[in-house]
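Structure record follows, encoded as structure tokens.
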Amino acid sequence: FEDSSVGRADSLTVNTHFLQSRYQSLGFPREKIALVPNGVERSRFAPIPPADALYQKWKIDAAAPLIVYVGTLGLLSHPVDLLLQAFVTIQTAVPQARLLLVGGGEDYDKLQMMASQLGIAANTIFTGRVAPEEIPAYLAMAAVSVDPVHDDLIARARSPLKVVESLAVGPPVVTGDVGDRAQTVQNGEFGLVVAPGSAAALAEGILTLLKQPERRARMAHAAQSQREQWFWDRMVLAFENIYEEK
């Protein structure tokens, strides 16, 4: 359906370079494709709500380095198991670190069991599903946020919303070098990309930032200084332009 429908379109909007290249390969003119990545709603992300109540709710020491994942707990498209495996190494190197998994999904129970089997359950918090408006406050708690990925078609084609949400709040991101992720974190200015599909590489990237608080602060400041670019009320202009041209 996707392949045949482009023949009926005058213009296209896509949210990744992967999709842009895919439609070009189907013969659609590049100049008629507008690339508009994911963004965030200003009303939810500016200003950032305080996280004090969340520290109390989940009994987290505000001084503890907190690694945060926000997203679906479904292993088909979100390999959170890589993050749990990585946290085994992180917990050994930084015993005070805590892992916070925000979200629900079909593999919620499986991942909880995995955390127990790996011996990290005591330092891992599963929140379950939370209200969308609470996401910025959860991200504000993070020393590092994480987007674990495999190098597959799903990851290449997806515009990483969880990365953009984190950068709009501030904490640096560690993710796999797949698709547009390196470009989104500005090749190291806002976070780190590591080898995808590797728990060891993910652990190394996270530990690199946990052990360098000044570097984390610089990354967070850099992201905050450029956060306007991720607000939808600015990004929507790209959609307006392509339809006005039509």
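The values are calculated or read from the model by the stated rules, or taken from the named source; none is laboratory data. Just so it is clear, the model here is predicted, and its values are computed rather than measured. Here the Cβ positions follow ideal geometry from the backbone for every residue, glycine too, while neighbour counts run over all protein chains shown. Just the protein is used for accessible areas: all its heavy atoms, side chains included, with ligands, DNA and RNA removed. Shrake-Rupley method; radii C 1.70, N 1.55, O 1.52, S 1.80 Å.
Quick notes
- Per-peptide packing, taken as the mean over residues of other Cβ atoms within 10 Å, places 45-53, 11-19 in the sequence 11-19, 45-53 from highest down.
- Charged-residue dipole, Cβ positions (Lys, Arg, Asp, Glu), region 121-196 about Cα centre, Debye nearest 20: 100
- Karplus-based coupling profile of region 69-84, in residue order and whole Hz: 10, 10, x, 6, 9, x, 6, 4, 10, 9, x, 5, 4, 4, 5, 4, with θ = phi - 60° in 6.51 cos²θ - 1.76 cosθ + 1.60 and x standing for Gly or Pro.
- Mean sequence separation of contacting Cα pairs (under 8 Å, at least six apart), scaled by the length of region 43-110, corresponds to a relative contact order of 40 percent.
- Mean residue ellipticity (222 nm) of the chain, computed from DSSP H runs ≥ 4 via -39,500 (n - 2.57), nearest 500: -12500 deg cm²/dmol
- Projecting the Cα atoms of PRO196, GLN96, TRP230 onto the dipole axis of the chain, where Lys and Arg carry +1 and Asp and Glu carry -1 at the beta carbon, places GLN96 farthest toward the positive end.
- Correct option for Cα extents along the principal axes in Å [calculated from the coordinates] among (i) 56, 35, 30; (ii) 55, 47, 31; (iii) 89, 70, 30: (i)
- Close amide-amide hydrogen proximity is noted between LEU192 and VAL173, VAL174, THR175, each under 5 Å apart and 5 or more residues distant or on a separate chain (H modeled in the peptide plane; Pro and chain starts excluded).
- Coil-residue trypsin sites (Lys or Arg not before Pro) of region 5-106, DSSP, other Cβ within 10 Å capped at 13: LYS59
- In order through region 170-187: 3J(HN,Hα) via Karplus (6.51 cos²θ - 1.76 cosθ + 1.60), integer Hz, x for Gly, Pro: x, x, x, 10, 10, 8, x, 7, 9, x, 8, 5, 4, 5, 5, 8, 6, 6
- Counting charges near SER166 (Lys, Arg +1; Asp, Glu -1) among other residues having Cβ under 13 Å from its Cβ returns a value of +2.
- DSSP bridge pairs, region 1-152: antiparallel proportion in percent, nearest 5: 5
- Global geometry of region 100-161, whether rounded, prolate or oblate, following the gyration tensor of its Cα atoms and the 1.5 cut on a/c: oblate
- A simple rule links phi to the HN-Hα coupling: the Karplus curve 6.51 cos²θ - 1.76 cosθ + 1.60 with θ = phi - 60°, which for region 135-146 gives 4, x, 5, 5, 5, 5, 7, 6, 6, 9, 10, 10 Hz, with x for Gly and Pro.
- Put the Cα centre of region 56-102 next to the Cα centre of region 105-182 and the gap is 8 Å.
- Distant-in-sequence amide H partners of LEU75 (H built 1.01 Å from N, under 5 Å): ASP107
- Assigned charges on the beta-carbon of Lys, Arg, Asp, Glu; region 46-157 dipole about Cα centre (debye): 240
- As a rough guide to protection, the peptides 138-149, 117-128, 69-80 ranked by mean Cβ packing within 10 Å, highest first, stand as 138-149, 69-80, 117-128.
- In this structure TYR108 has an accessible area near 50 Å², from a 1.4 Å probe over the protein heavy atoms.
- Overall form of region 152-237 per C-alpha gyration tensor (a/c, 1.5; a/b vs b/c): oblate
- Radius 13 Å from Cβ of VAL194, net charge of other residues (Lys, Arg +1; Asp, Glu -1): -3
- Note on the chain: with charges restricted to the Cβ of Lys and Arg (+1) and Asp and Glu (-1), its dipole about the Cα centre is near 400 debye.
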